[in-house]
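To start, the structure itself, in structure tokens.
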Amino acid sequence: MSHTKTVTEGELLDAVYKNVKMAGDSIINLMPKVKDEKLKSDLTVQLSTFEAFASRAVKLLGREGEKPEQETWMARMGAKWSSMVNTMMDSSTEHLAEMMVEGATMGVNDMMEQLRGAKHADISREALNLAQSVKEYEERVIEEMKAYLV
């Protein structure tokens with residue numbers, strides 16, 4: 001196992017922000033492909049939850065006198081392109097749910113790594129709780145999306 005880097009509160013909050021922005025952007029990119037009304041409804045709820053997490057991260061970063069690092073245009077276009085290519089041949093409900101499971105799994109792993117790095121750092125309870133909440137929410141997203149994998 002690799003050595004976990006200690007993170008600062010700003011780094012933790014920045015990671016939370018990037019994580020939930022990427023999740024939200026992924027949902028926005030997938031939405032035009034979604035035909036199943038229940039999946040569309042589930043993704044809409046997830047999007048608003050991820051946006052709420054993002055605004056909490058921005059608020060906490062602001063208290064630290066920081067702003068979230070924005071993804072570069074190239075990174076956003078890469079994600080959009082990847083989503084487009086990934087759904088071109090298969091935009092079935094199962095495939096879209098599978099993509100969400102994969103994305104949420106990466107998000108959970110990232111949050112776990114960040115939380116390990118925050119374990120011995122001087123980080124506010126509020127920032128730790130936010131990162132933990134994001135991790136737990138993404139675990140719920142995985143379980144929700146598994147229902148579509150038949």
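The values are calculated or read from the model by the stated rules, or taken from the named source; none is laboratory data. In this text, all values refer to a predicted model and were calculated from it rather than measured experimentally. Positions of Cβ are generated from backbone atoms using ideal geometry, with glycine treated the same way; all protein chains shown enter the neighbour counts.
When region 1-32 is filtered for residues that are surrounded by 18 or more Cβ atoms within 10 Å (Cβ to Cβ) and among the polar types (S, T, N, Q), the ones remaining, listed by number, are N19, S26, N29. For first residues located in region 30-51 and of a type in the set (A, V, I, L, M, F, W, C), partners that are surrounded by 18 or more Cβ atoms within 10 Å (Cβ to Cβ) and not in a helix (DSSP H, G or I) and lie 6+ apart or on another chain with Cβ distances below 9 Å form the pairs L39/Y148; L43/V34.
When you check L96 against the structure, is it touching a Ser or Thr at 6+ places or on another chain (Cβ under 9 Å), modelled with pLDDT under 95 and more than 25 Å from T6 (Cβ to Cβ), yes or no? Yes; evaluated as a whole, the condition is true for this residue.
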